[in-house]
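Report on the following structure.
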Amino acid sequence: MEGNNLGRNIYAPQSLNELLHMREQHPDTILWSGGTALMRMQKGPVPSFDRDIIHLSGVNELKKIRRTERYLEIGAAVPVKKIINVGQHILPFALAQALMSIGSPAVRNLATMGGNLGIKDRRLNSFSVLMLMDSIVELRRSGKSRWIQLGRLNSIGEAEILTRIRIPFRNWDLQYFRAVGDPLLHPMDSLSFTVLAETNKGIISNLRFAVGNTGKSTLRSLDFETYLSGKKLRLSGKEFDAAVNIFQSFVQNAEGDLTPFQKDRSLRFVHWFLRELRDVYIFTE
Amino acid sequence: MKISFLLNGRQFETEVSPTERLSDILKSNGKIFSVRTSCLKGECKSCSVIIDGEVVPSCMIPAFSVRGSDITTLEGFSKTRDYHDIIQAFEETGASPCDFCRGGTILTIQSILERFAEPEEPQILDAFSGNICPCTNIGLIMDSVKRAALYRKRKRLGRK
């Protein structure tokens, strides 16, 4: 234990086992890795926290990146900058874009992917991309470990810790990611837009699409995905209009935290993406 | 809580509250005046320092996380030869960052030059993407970075 602030204890485990043991004993603690989101959410000049803190910098097991033929595995406390530096031939383009959209370069030296995924009640930049890529996360507690789909991260239990993120390699031919606004400070305005798809001889297959950064929800339109899957590139004007209409009716009826401003923004993103498929995309064998 | 770390090459020990911002500690306890605070969100870069080789916003770092770190501020960096390359480049291009963003700008340029021997415009723009001070044209900053890189290259090759 390092010290205290207004009666709050700060723990500094030096190994994963020690961390799991501490978390078991103190489940209601703040896990501090880069701490960028926690510091950004502070209101005043002097930071104060209402719970004890576990500082993860000494836990080297959480700072490893592992690559196999089938997947990329990233420790929850690996800084975002280090993940970006893994290289463009390994890191999927959309994920790299999502990570580059986190804060400024100096903030990315501190911020970690575990922190980006682990903020309660907020879905930040990397979440929707990783979810569409079928990423799984390891949740550990003392003596137990389980892997779950990232989309089910809400089911994280008390005393459990997100330790690793596993991203399967797939050949995504189309990868689009755009984000506007700050999902942490301005959740009512911010939005991210992700599309992943495979193509085979100029025909779209397995298209996945998500609108994220909208508070705690991530929106997917299965109608929109189904409509575009199987279409030949480039899209015709008719297909363009039909896809816009499908998304428009989806977003107008979307339940959740989406504000009218975000709905309008998401529609603009969809227009931009479909224009790319209609006017810009040139299929090459 | 008592913490100690290397500050500009010297051991520094001080009594602080564990969650106090590093920027405040450096200003009030360390008498470091190049560190300015403004946004407290890690966006403006005026509080940048180098911790263990990485440029980071010191306003985002609590005291408890810097124990044993190696921290360099503009005061420490200005005593190195690398600093003079950057200042010479500023003088020749006419770039003159204000006192508020000077520390962050110089340390960011240093971080670029450490990563890239011949930095290109997208790399420079990316590194400066969080720098919001409007005092100096980014074009002049880019020229300065390229010029400073050239000086370093000449030094490496042993030319004047």
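Before moving on, here are some points about what is shown:
- Exactly one residue among B:Thr93, B:Thr72, B:Thr80 is without any contact (Cβ under 8 Å) to a residue 24 or more places away in the chain, more than 14 Å from A:Pro105 (Cα to Cα), more than 9 Å from chain A (Cβ to nearest Cβ) and open to solvent by 10 Å² or more (accessible area, probe 1.4 Å), and that residue is B:Thr80.
- When every residue of the stretch B:96-110 is checked against the conditions, none turns out to be within 12 Å of chain A (Cβ to nearest Cβ), among the charged types (D, E, K, R) and under 20 Å from B:Val56 (Cα atoms).
- Qualifying residue in the stretch B:89-100 (condition: under 22 Å from B:Thr14 (Cβ atoms), modelled with pLDDT under 95 and assigned to a loop (DSSP other than H, G, I, E, B)): no
- Among the numbered conditions (1) outside the structural domain of A:Glu276 (by TED's automatic domain parsing); (2) hydrophobic (A, V, I, L, M, F, W, C); (3) part of a loop (DSSP other than H, G, I, E, B), the only one that A:Ile148 does not meet is (3).
- Residues considered: A:Ile53, A:Ile65, A:Ile74. Of these, the only one that is within 13 Å of another protein chain (Cβ to nearest Cβ) and of a type in the set (A, V, I, L, M) is A:Ile53.
- Selection status of A:Ala96, within 14 Å of chain B (Cβ to nearest Cβ) and open to solvent by less than 70 Å² (accessible area, probe 1.4 Å): yes
- Whichever residue in the stretch A:20-37 is touching a strand residue (DSSP E or B) at 6+ places or on another chain (Cβ under 7 Å) and assigned to a helix (DSSP H, G or I) and, among such residues, is most open to solvent (accessible area, probe 1.4 Å): A:Glu24
- Residue identified as more than 9 Å from every other protein chain (Cβ to nearest Cβ), farther than 29 Å from A:Pro168 by Cβ, touching a helix residue (DSSP H, G or I) at 6+ places or on another chain (Cβ under 9 Å) and open to solvent by less than 40 Å² (accessible area, probe 1.4 Å) among A:Pro13, A:Pro47: A:Pro13
- For the stretch B:3-29, a residue qualifies if it is touching an Asp or Glu at 6+ places or on another chain (Cβ under 9 Å), assigned to a loop (DSSP other than H, G, I, E, B) and either free of Cβ contacts under 8 Å to residues at least 24 places away in the same chain or not hydrophobic (A, V, I, L, M, F, W, C) (or both), and the qualifying residues are B:Asn8, B:Gly9, B:Pro18, B:Asn29.
- Checklist (1) crowded, with 22+ Cβ neighbours inside 10 Å; (2) closer than 19 Å to A:Phe177 by Cβ; (3) of a type in the set (Gly, Ala, Ser) applied to A:Gly87, failing item: (1)
- Filtered residues of the stretch A:170-220 (kept if farther than 16 Å from A:Phe273 by Cα and of a type in the set (Asp, Glu)): A:Asp182, A:Asp189
- Strands (runs of 3 or more DSSP E) enclosed by the stretch A:46-134 - at least 1 residues per element that are on the phi < 0 side of the Ramachandran plot and charged (D, E, K, R): A:65-67, A:71-75
- Which listed residue, of A:Leu207, A:Leu277, is open to solvent by less than 10 Å² (accessible area, probe 1.4 Å), farther than 19 Å from A:Pro183 by Cβ and part of a helix (DSSP H, G or I): A:Leu277
- Hey, B:Ile71 within 16 Å of the chain's Cα centre (by Cα) and either of a type in the set (Gly, Ala, Ser) or not in a helix (DSSP H, G or I) (or both) or not: yes
- When A:Asp223, A:Asp264, A:Asp257 are checked against the criterion of being closer than 19 Å to A:Phe177 by Cα and open to solvent by 50 Å² or more (accessible area, probe 1.4 Å), a single residue qualifies: A:Asp264.
- Qualifying residues in the stretch B:26-62 (those that are over 16 Å from A:Pro105 (Cβ atoms) and facing chain A (nearest Cβ under 9 Å)) - the one farthest from the chain's Cα centre (by Cα): B:Pro62
The values are calculated or read from the model by the stated rules, or taken from the named source; none is laboratory data. Keep in mind that what you see is a predicted model, and the values were worked out from it rather than measured. Heads up, the Cβs are rebuilt from the backbone with ideal geometry, glycines too, and the neighbour counts pull from every protein chain shown. For accessibility, only protein heavy atoms count, side chains too; no ligands or nucleic acids. Shrake-Rupley method; radii C 1.70, N 1.55, O 1.52, S 1.80 Å.
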